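The values are calculated or read from the model by the stated rules, or taken from the named source; none is laboratory data. Not measured: the values here are computed from a predicted model. Glycine also receives a Cβ, built like all others from the backbone with ideal geometry; neighbour counts cover every protein chain displayed.
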Amino acid sequence: MSVTYLLVHSPLVGPATWDALAADLRADGHRVTIPDLRDTLEGGPPYCARQVAAAGPRGPQRGGTAVAGAW
C-alpha cells in the first residue's frame, strides 16, 4: 500500500534534512512531499499560517501521514 508522507522540517535548517528518509520512502513506493518552509520566517510571527499555506494542497490527504521534525 502506497502512503503519502508530508515531511515538515524546521524552517531554520531547510528541507534537505529529510532527503535521506525521503529517498528511502520513495524507494519503497511511497509518495513524499517536503515543502520548503525557510521563507515562512520572513515577516515575523505568527509563522503558523504561512507554514500551513506553504504545505498547502501538497500535504497528505486522507490516508496520508505528516511527520514533523524539530531538533
Within region 27-71, can you find the residues that are part of a helix (DSSP H, G or I), surrounded by 12 or more Cβ atoms within 10 Å (Cβ to Cβ) and modelled with pLDDT of 80 or more? ARG38, THR40, LEU41, ARG50, GLN51, VAL52, ALA54
The number of residues in region 1-26 that are among the β-branched types (Val, Ile, Thr), farther than 15 Å from GLY56 by Cα and either under 11 Å from the mean Cα position of the chain (by Cα) or in a helix (DSSP H, G or I) (or both) is 1
Do you know which of the residues in region 1-20 that are over 20 Å from CYS48 (Cβ atoms) and touching a Gly at 6+ places or on another chain (Cβ under 9 Å) is surrounded by the most Cβ atoms within 10 Å (Cβ to Cβ)? TYR5
